[in-house]
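Report on one structure; see the data block that follows.
The values are calculated or read from the model by the stated rules, or taken from the named source; none is laboratory data. In this text the structure is predicted, and so the values were computed from the model without any measurement. When we count neighbours, we look across all protein chains shown, and the Cβ atoms used for this are built from the backbone with ideal geometry, even at glycine.
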Amino acid sequence: MEHTYQTRRPRIWPSFPGIAEDRASGALARLENFTRLVSDMIWEADQHGVLTFVSERAMDIFGVPASHLVGQKITNIGTFFAPEGHRQSPNTERPFRDHKCTIKRPDGRTRILFVSALPHYNELSWEISGLHGTVKDVTPKFEVERLKAAKDLAETDSHVKSEILATTSHELRTPLNAIIGFSSLIQDETFGPLNNPAYMDYIGNIKDSGEHLLSIINDILDTAALQSTQATLCPSTFRLIDVMQSALRLVQPHAEKDDISLSCVCAEHDVHLLADKRRMKQIFLNLLSNAVKFTARGGRVTIDFSHPPGAGLTIAVTDTGIGMDPNDIKKAMTPFGQINTDTDQAAKGTGLGLPLTQELVELHGGTLEVLSQKGTGTTVNVHLPENRIAADAAR
Ligand SMILES: Nc1ncnc2c1ncn2[C@@H]1O[C@H](COP(=O)(O)OP(=O)(O)O)[C@@H](O)[C@H]1O
Ligand SMILES: [Mg+2]
């Protein structure tokens, strides 16, 4: 950023021969028009730097009428800074350009300005007789730069975080899989009886805790991957009902334990999707496991879908559970948002399932809708766009 004009011989206005008055009034009119047209604020000051004229743009930049600035020293209109960043007022005895200045307007807003000036000189003594100058409002430019810097920092930060998560994920999953695998072997008494009911109880606990920890780690890693925009879909064509049923099979034991009826009530069996099969299963699994988890003994959970012509496809997971009010829903949709945090059900999760599910649905170009009433139950609708229905089997 250049801060001073090249020092030149002092400028002395030439005197025009001939019809001087006509020329002068023409020049004045031109000057007035330019002053009004330019987006910078134009100002004049006396030899001491005291403002004697300020153009109407003062109102837009300073938020005060031009007359409020007249009489102030140009160096007092705000805080001036040198290019190196420290405070420094411009030397008004020399030309200067784009000297950075910040001001606080009466409405509380801060503006960043570039102030430039050219001194003019007395024809006879060559002493400074005053200054002509401009003030440019560069706040939007600085704001864009500041936001860009903040965005770059955040992106680097999140990139570093996902790198760490990606490398630690393997380290975390490997021992957990060993814990889960070996505790399963012991629980099944594959190599001989345990001969002690307490041990059988403990090994069941170890296995459940290992599985729980693994699901938490998977949710956290998925969330991190989606937030760092690493997530890409691997689309294939598959039968929707098959994926629904494979998710149902995984939730079935939990439903049975709590005496909850779990069913797929779909009438159509040959609808095919063009989507990421693994992600779709994850979506259904998250919604079904929530439905079972937040439904009391003896309740009912169903999964269904409909595809009205031209309106895409909607998969609905409905339960007769504890339900949520509108504020609960808002909270549930935020990462780590859980409603009754002191309950056993909440302890079984991380609060990442629903926001993750929403991201996965949106990654498919769809939307997630939660309809719920406290004490009555919940329906979560997954809307997928028409182009997710595989053409060959769509109708
Ligand atoms: N079907 C549902 N019925 C009632 N509450 C629900 C349902 N699904 C989700 N919630 C509420 O939303 C919260 C967040 O859900 P989720 O993101 O899946 O996290 P988690 O299951 O790990 O607790 C849950 O803790 C629960 O309070
Ligand atoms: Mg959940």
- Query: Is one or more of the residues making up the stretch 34-43 among the small types (Gly, Ala, Ser), under 24 Å from residue 103 (Cβ atoms) and modelled with pLDDT of 95 or more?
  - Reply: no
- Can you name the residue in the stretch 366-380 that is away from ligand 1 (no atom under 12 Å from the Cβ) and not β-branched (Val, Ile, Thr) and is also nearest to residue 299 (Cα to Cα) among such residues? 369
- Query: Is at least one residue of the stretch 119-133 of a type in the set (D, E, K, R) and closer than 30 Å to residue 78 by Cα?
  - Reply: yes
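Could we say that residue 363 is over 20 Å from residue 255 (Cβ atoms), within 8 Å of ligand 1 (Cβ to nearest atom) and not basic (Lys, Arg) here?
Numbers: over 20 Å from residue 255 (Cβ atoms): yes; within 8 Å of ligand 1 (Cβ to nearest atom): no; not basic (Lys, Arg): yes.
Taking the combined requirement at face value, the residue does not satisfy it.
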- Within the stretch 346-374, can you find the residues that are in contact with a His (Cβ under 9 Å, 6 or more places away or on another chain) and polar (S, T, N, Q)? 367
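In the stretch 309-327, what residues are of a type outside the set (Gly, Ala, Ser) and farther than 18 Å from residue 241 by Cβ? Outline the logic, then answer.
First, the residues of the stretch 309-327 that are of a type outside the set (Gly, Ala, Ser): 309, 313-315, 317-320, 322, 324-327.
If the condition is that a residue be of a type outside the set (Gly, Ala, Ser) and farther than 18 Å from residue 241 by Cβ, then 309, 319, 320, 322, 324, 325, 326, 327 are the ones that fit.
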- Scan the stretch 304-315 and give yes if some residue there is surrounded by 14 or more Cβ atoms within 10 Å (Cβ to Cβ), within 13 Å of ligand 2 (Cβ to nearest atom) and not polar (S, T, N, Q), otherwise no. no
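Filter the stretch 45-78 down to residues that are part of a loop (DSSP other than H, G, I, E, B) and among the small types (Gly, Ala, Ser), then give me how many there are. Steps first, please.
So in the stretch 45-78, the residues part of a loop (DSSP other than H, G, I, E, B) come out as 47-49, 55-57, 63-65, 70-72, 77-78.
If we keep only those that are among the small types (Gly, Ala, Ser) too, we end up with 49, 55, 63, 71, 78.
Number satisfying all stated conditions: 5.
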- Any chance residue 302 is at pLDDT 95 or above and more than 10 Å from ligand 1 (Cβ to nearest atom): yes
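Which ones in the stretch 257-304 are hydrophobic (A, V, I, L, M, F, W, C) and either within 18 Å of residue 235 (Cβ to Cβ) or under 28 Å from the mean Cα position of the chain (by Cα) (or both)?
First, pick out the residues of the stretch 257-304 that are hydrophobic (A, V, I, L, M, F, W, C): 260, 262, 264-267, 271, 273-275, 280, 283-285, 287-288, 291-292, 294, 296, 301, 303.
Hits for the stretch 257-304 are 271, 273, 274, 275, 280, 283, 284, 285, 287.
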- Taking the stretch 349-363 and keeping residues closer than 13 Å to residue 221 by Cα and not in a helix (DSSP H, G or I) leaves 350, 352
- Query: Any idea which of 333, 324 is under 30 Å from residue 235 (Cα atoms), within 16 Å of ligand 2 (Cβ to nearest atom), in the same structural domain as residue 295 (by TED's automatic domain parsing) and of a type in the set (A, V, I, L, M, F, W, C)?
  - Reply: 333
- Looking only at strands (runs of 3 or more DSSP E) that fall completely inside the stretch 79-153, which ones have 3 or more residues that are within 17 Å of residue 41 (Cα to Cα) and aliphatic (A, V, I, L, M)? 110-121
- Please find, within the stretch 364-380, the residue that is nearest to ligand 2 (Cβ to nearest atom) out of those that are in a strand (DSSP E or B) and free of Cβ contacts under 8 Å to residues at least 40 places away in the same chain. 368
